[in-house]
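Novice: Mind having a look at this structure? Questions to follow.
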Amino acid sequence: MTDTKLNIPNTEDHEGNINDINYSQRAQWLRAAVLGANDGLVSTASLMMGVGAVKDDARAMILSGFAGLVAGACSMAIGEFVSVYSQLDIEVAQMKRERSMNGREEGGKIGDAAREGLPVPAHAALASALAFSIGATVPLLAAGFIKRYEVRLLVVAGAASLALIVFGWVGAVLGRASPVRSVLRVLLGGWVAMAVTFGLMKLFRSTGI
């Protein structure tokens, strides 16, 4: 009597691998979303601070911020769409080469199952635009209800700084990095961007350029 050893896959290990893969993909998307929101926050806040250095008008400051939100979100979406589409073309070409080498060309077609793991350009573009818009909304909301010029500038800078701390901490958690260092890098970078923009525009205003 011969013993028959069944080759039964370890379902626990398989489930663990699936969870690891899903977590990795989810972390990458979340980290990209945090970076996009950080870009929207810093660029819009810096733009509003720069306009605020030249004009005391609240309307001009808010309109410039809103224009920066729309332009930045569109730019991020288009750039992400083109980038991910290029990545998709490369991965599809690689899959076709591998299928051809394995004798499974099948007319160059790739099945639905194989396409599930491929990036979707439209989804990436939408996520990028949405993340940028969320970050850009922070300084806009902060300045939207304040009439006094000096207070408005301080509130925009303060709201942007608080949001930068949150984004830096979330990015550190997702990237498994030091939260303190990540927060300091993001915060100092945002401060430098706002200070440089405000300082240069203030210089133009004082020199009459």
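The values are calculated or read from the model by the stated rules, or taken from the named source; none is laboratory data. Because the structure is predicted, anything quoted here is derived from the model rather than measured. Positions of Cβ are backbone-derived with ideal geometry, glycine not excepted, and every protein chain shown enters the neighbour counts.
Novice: Only residues that are without any contact (Cβ under 8 Å) to a residue 24 or more places away in the chain, more than 18 Å from S43 (Cβ to Cβ) and of a type outside the set (D, E, K, R): list them for the range 118-154, please.
Specialist: H123, F145, V151, L154
Novice: Does any residue in the range 189-204 that is under 15 Å from L164 (Cα atoms) and modelled with pLDDT under 95 come within less than 6 Å, Cβ to Cβ, of a residue that is of a type outside the set (D, E) and assigned to a helix (DSSP H, G or I) six or more places away or on a different chain, and which pairs are these?
Specialist: Taking only residues 6 or more apart or on different chains, the pairs are G190/V42; G190/L164; A193/V42; A193/S46; M194/A45; M194/S46; M194/M49.
Novice: While we're looking at this one, here's another question. Is it the case, given these coordinates, that L118 is farther than 17 Å from G65 by Cα, surrounded by fewer than 20 Cβ atoms within 10 Å (Cβ to Cβ), at pLDDT below 85 and under 21 Å from the mean Cα position of the chain (by Cα)?
Specialist: The answer is yes for L118.
Novice: Which one of these is touching a Leu at 6+ places or on another chain (Cβ under 8 Å), modelled with pLDDT of 90 or more, assigned to a helix (DSSP H, G or I) and surrounded by 15 or more Cβ atoms within 10 Å (Cβ to Cβ): G72, G135? Steps first, answer last, please.
Specialist: Details: G72 fails: touching a Leu at 6+ places or on another chain (Cβ under 8 Å).
Going through G72, G135 in turn, the sole match is G135.
Novice: What pairs come up if the first residue lies in the range 37-66 and is among the aromatic types (F, W, Y), the second is at pLDDT below 90 and not in a helix (DSSP H, G or I), and their beta carbons are under 9 Å apart, counting only those six or more places apart or on different chains?
Specialist: Pairs found: none.
Novice: Of all residues in the range 50-69, count the ones that are among the basic types (K, R) and part of a helix (DSSP H, G or I).
Specialist: Total meeting the criteria: 1.
Novice: For the range 167-175, state whether one or more residues are touching a helix residue (DSSP H, G or I) at 6+ places or on another chain (Cβ under 9 Å) and without any contact (Cβ under 8 Å) to a residue 12 or more places away in the chain. Write out each step before concluding.
Specialist: Restricting attention to the range 167-175, the residues satisfying the condition of being touching a helix residue (DSSP H, G or I) at 6+ places or on another chain (Cβ under 9 Å) are 167-175.
Add one more test, that the residue is without any contact (Cβ under 8 Å) to a residue 12 or more places away in the chain, and what stays is 172-173.
Yes, the range 167-175 contains a residue that is touching a helix residue (DSSP H, G or I) at 6+ places or on another chain (Cβ under 9 Å) and without any contact (Cβ under 8 Å) to a residue 12 or more places away in the chain.
Novice: Then there's this: Among A157, A127, A143, which is in contact with a Lys or Arg (Cβ under 7 Å, 6 or more places away or on another chain) and modelled with pLDDT of 85 or more?
Specialist: Just one listed residue meets the conditions, A143.
Novice: Going by the structure shown, is G175 of a type outside the set (V, I, T), surrounded by fewer than 19 Cβ atoms within 10 Å (Cβ to Cβ) and at pLDDT below 90?
Specialist: yes
Novice: Okay, next question. Within the range 180-202, track down each residue that is more than 20 Å from V156 (Cα to Cα) and over 18 Å from the mean Cα position of the chain (by Cα).
Specialist: V180, R181
Novice: Next up: Within the range 93-111, which residues are at pLDDT below 55 and among the acidic types (D, E)?
Specialist: E105, E106
Novice: Check the range 139-155 and report whether any residue there is surrounded by fewer than 15 Cβ atoms within 10 Å (Cβ to Cβ) and over 24 Å from I62 (Cα atoms).
Specialist: no
Novice: Output the qualifying pairs, or none if there are none: Cβ atoms under 6 angstrom, residues six or more apart or on different chains, first residue in the range 69-87 and closer than 15 Å to L118 by Cα, second residue surrounded by fewer than 16 Cβ atoms within 10 Å (Cβ to Cβ).
Specialist: From the range 69-87, the pairs are V84/P119; Q87/P119.
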